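The values are calculated or read from the model by the stated rules, or taken from the named source; none is laboratory data. All values reported here derive from a predicted model rather than from experimental measurement. In this analysis, Cβ positions are derived from the backbone assuming ideal geometry, glycine residues included, and neighbour counts consider all displayed protein chains. Quick note on the areas: whole protein, heavy atoms, side chains included, nothing else; ligands and nucleic acids left out. Shrake-Rupley method; radii C 1.70, N 1.55, O 1.52, S 1.80 Å.
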Amino acid sequence: MTGGGFAGCAIAIVDRTQVDAFGSTFRPAYTARTGRRAVLHICAASDGTSITTLDLATS
């Protein structure tokens, strides 16, 4: 659970083959328990940040 006081936020690490099943199960369960509509933001991990050196002399 994480969040800045905006009713909380949960991060669920779910196998990509199970995302639809997770959403179909989680959304109604969350609404039944809290009375609020669940909003899921589906994303994938990436390589993260890196440093790029710009050669401004040739630009």
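Look at Val39 and say whether it is modelled with pLDDT of 90 or more and open to solvent by less than 80 Å² (accessible area, probe 1.4 Å).
Judged against the criteria, Val39 is not a match.
Please list, ordered by first then second residue, the pairs with beta carbon atoms under 8 Å, 6 or more apart or interchain, first in the range 39-59 and in contact (Cβ under 8 Å) with a residue 24 or more places away in the chain and in a loop (DSSP other than H, G, I, E, B), second loosely packed, with under 10 Cβ neighbours inside 10 Å and not aromatic (Phe, Trp, Tyr).
Partner pairs satisfying both residue conditions: Ala44/Arg16.
Across the range 18-36, what is the total count of residues that are in a helix (DSSP H, G or I), open to solvent by 80 Å² or more (accessible area, probe 1.4 Å) and closer than 17 Å to Gly8 by Cβ?
Number of matching residues: 3.
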